[in-house]
Amino acid sequence: MNLRYLVIIPTYNERENIERLIRALLALPLSLDVLVVDDHSPDGTGELVAAMAAEDPRIHILRRPAKLGLGTAYVAGFRFGLAQGYERLLTMDADFSHDPAYVPALIERSQEADLVIGSRYVPGGEVVDSPWYRRLLSRGANRFARTLLGLTPRDVTAGFRCYRPAVLEAIAPETIRAEGYAFLIEITYRVQRAGFRIAEVPIRFRDRRYGRSKVSRQEIARALWTVLRLARDRRRVRRKL
């Protein structure tokens, strides 16, 4: 079967990375398109991708009027992919922390799972070139979310993912309250709660070489609050049962 895949890449100031990433993705032996959702990057990311899209029908861009956040960028990408009838929708970061070479493995695993996560924390996965405090923060956030929410995946904050369309249609991501990276925790929680199959593929996560990290104290606070809110809702549901 010649399935059609869409890779969704949210961007904000990723001009240094985006062209190389798109070309690496399109060089894969897959029927694959790329959608960049750009939040009005002042460094010209949107203009660069628009010029590429004008020359290659496999490249698409959604240019938004302001920095509206990661969660809503995912939602916009999902909406586009579902409307266009792609058989798999993938998400990844724009900074090469997610190696395009793992895309075929995520798609292959999606034959038996509804959501596949490119995971740093399963056997075979690893983190390289990242400061110790970032690694500690990431592992701590994952353990905190998994413990309070009863999540089975080991890397619930990873943005390198492959979704079956039926999952997204069922859980209505546009209704997710969380913003930023906390969106990834809440969507994982919804997918598991709805009874869909989740699998993980080990990846080597490499810290960005160009540009600045988007993780801030505000993002961390949002993630903590999201986990606490979902844990509270989970307890309320259990009491009713």
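Residue by residue, the stretch 35-45 carries 3J(HN,Hα) couplings of 10, 9, 10, 9, 8, 6, 4, x, 8, x, 4 Hz when phi is fed to the Karplus relation 6.51 cos²θ - 1.76 cosθ + 1.60 (θ = phi - 60°); x denotes Gly or Pro.
Counting only Cα atoms, the stretch 105-241 measures 47, 36, 26 Å along its principal axes, largest extent leading.
A viscosity of 1.002 mPa s and a temperature of 20 °C, combined with the Kirkwood radius over C-alpha pairs in the Stokes-Einstein formula, give the stretch 5-240 a diffusion coefficient of 119 µm²/s. Summing +1 for each Lys or Arg and -1 for each Asp or Glu among the other residues whose beta-carbon sits under 10 angstrom from that of Gly81 gives +1. Using the rule -39500 (n - 2.57) for each DSSP H run of four or more residues, divided by the residues of the chain, the 222 nm mean residue ellipticity is -14000 deg cm²/dmol. Across Asp38, Asp56, Asp95, mean-square fluctuation computed from a Gaussian network of the chain (C-alpha pairs under 10 Å connected) peaks at Asp56. Spatial offset of the stretch 1-22 relative to the stretch 142-197 amounts to 21 Å, using the alpha carbon center of each.
With a simple spin-label model that places each label point 7 Å from the Cα along the Cα-to-Cβ direction, the separation between Leu82 and Ala105 comes to 3.0 nm. Short-range pairs are left out: with C-alpha atoms under 8 Å and at least six residues apart, the relative contact order of the chain is 23 percent. Between Leu224 and Thr152, full extension at 0.36 nm per residue minus the direct alpha carbon distance yields a gain of 24.1 nm.
Among Arg15, Arg20, a tally of other beta-carbon atoms within 10 Å of each Cβ gives an order, fewest to most, of Arg20, Arg15. Note on the stretch 5-240: antiparallel DSSP beta bridges, both residues inside, total approximately 20 percent of the bridges counted.
Every number in this text was worked out from the coordinates using simple rules, so none of it is lab data. Everything numeric here is computed off the predicted structure, so don't read it as measured data. Don't worry about glycine lacking a Cβ; one is built from the backbone with ideal geometry, like all the others, and counts go over all protein chains shown.
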